[in-house]
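Notes follow the structure.
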Amino acid sequence: MDPVQAFLQANALAPPAFPPTSRYHGIATSQLVQADGRTVVYVQRRFLPPPENFALLQSVTIVAGDRLDNLAARYIGDPEQSWRLCDANRAMQPEALVAHVGATLAITLPEGIPGVGDAG
């Protein structure tokens, strides 16, 4: 094989496995070769980001009947972004965020985007 082609193939930029709107965007994948020779591709572990990575926009009080997808649609503009509410509130179990009437839910900017009070 031509050395230039070999270099280009070895160093080709692979497209991200997940779109920018996905909770898993930027998380690497790995492969596991099973005993029967099949290769299984999986997403590496994702850790919840620290709370200081989020700028608070407002707090919302949970009322009876609230659902995380509806809250994401109302406050973020996309029901499929409910994972952002989970991250901002350090929730490992999404349903826990709306399980208790009267609980407070933080609505934040996306991770790493500074708020008005954070600008400096």
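Any read-out appearing in this document is the output of simple, stated calculations on the displayed coordinates, not a laboratory observation. For clarity, every value in this text was computed on a predicted model and none was experimentally measured. So basically every Cβ, Gly included, is an ideal-geometry build from the backbone, and we count neighbours across all protein chains shown.
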Worksheet entry | the chain: relative contact order as a whole-number percent, Cα under 8 Å and 6+ apart | 25 percent
Item to complete: Taking the Cα centre of the chain as origin, work out the dipole magnitude from +1 charges on Lys and Arg Cβ and -1 charges on Asp and Glu Cβ, in debye rounded to 20.
Response: 160 debye
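Exposure proxy check: Leu68, Leu32 ranked by fewest other beta carbons within 10 Å?
Leu32, Leu68
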Worksheet entry | Positive minus negative residues near Leu85 (Lys, Arg vs Asp, Glu; Cβ under 15 Å) | -2
Worksheet item: Where q = 0.22, 0.23 Å⁻¹, what log10 of I(q)/I(0) comes from the Debye formula for the chain, counting one point per Cα?
Response: -1.27, -1.34
Worksheet item: Which of these, Leu71, Leu85, Leu57, has the largest mean-square fluctuation under a Gaussian network model of the chain (Cα springs below 10 Å)?
Response: Leu57
Discussion item. For a Förster distance of 41 Å, can you work out the FRET efficiency between the beta-carbons of Ile113 and Gln93, rounded to the nearest 0.05?
Written reply: 0.95
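Mind pulling the per residue volume of the convex hull built on the Cα atoms of segment 51-113? Å³ is fine.
72 Å³
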Worksheet item: Among Gly37, Gly77, Gly65, whose mean-square fluctuation peaks in a Gaussian network model of the chain (Cα, cutoff 10 Å)?
Response: Gly37
Worksheet item: How far apart, in nm, are two points set 7 Å out from the Cα along the Cα-to-Cβ line at Ile27 and at Thr39?
Response: 2.1 nm
Discussion item. Is there a quick way to get the dipole size of segment 51-113? I mean about its Cα centre, with the Cβ of Lys and Arg at +1 and of Asp and Glu at -1; what is the value in debye to the nearest 20?
Written reply: 160 debye
Fill in: Top of Val41, Val33, Val98 by mean-square fluctuation, Gaussian network on the chain, Cα under 10 Å
Val33
Practice prompt. Order by neighbour count: Leu105, Leu48, fewest other Cβ atoms within 10 Å first, most last.
Written response: Leu48, Leu105
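Find how much the distance from Ser59 to Phe18 grows on full extension, using 0.36 nm per residue of separation minus their present alpha carbon separation; answer in nm with one decimal.
Difference between extended and current length: 11.8 nm.
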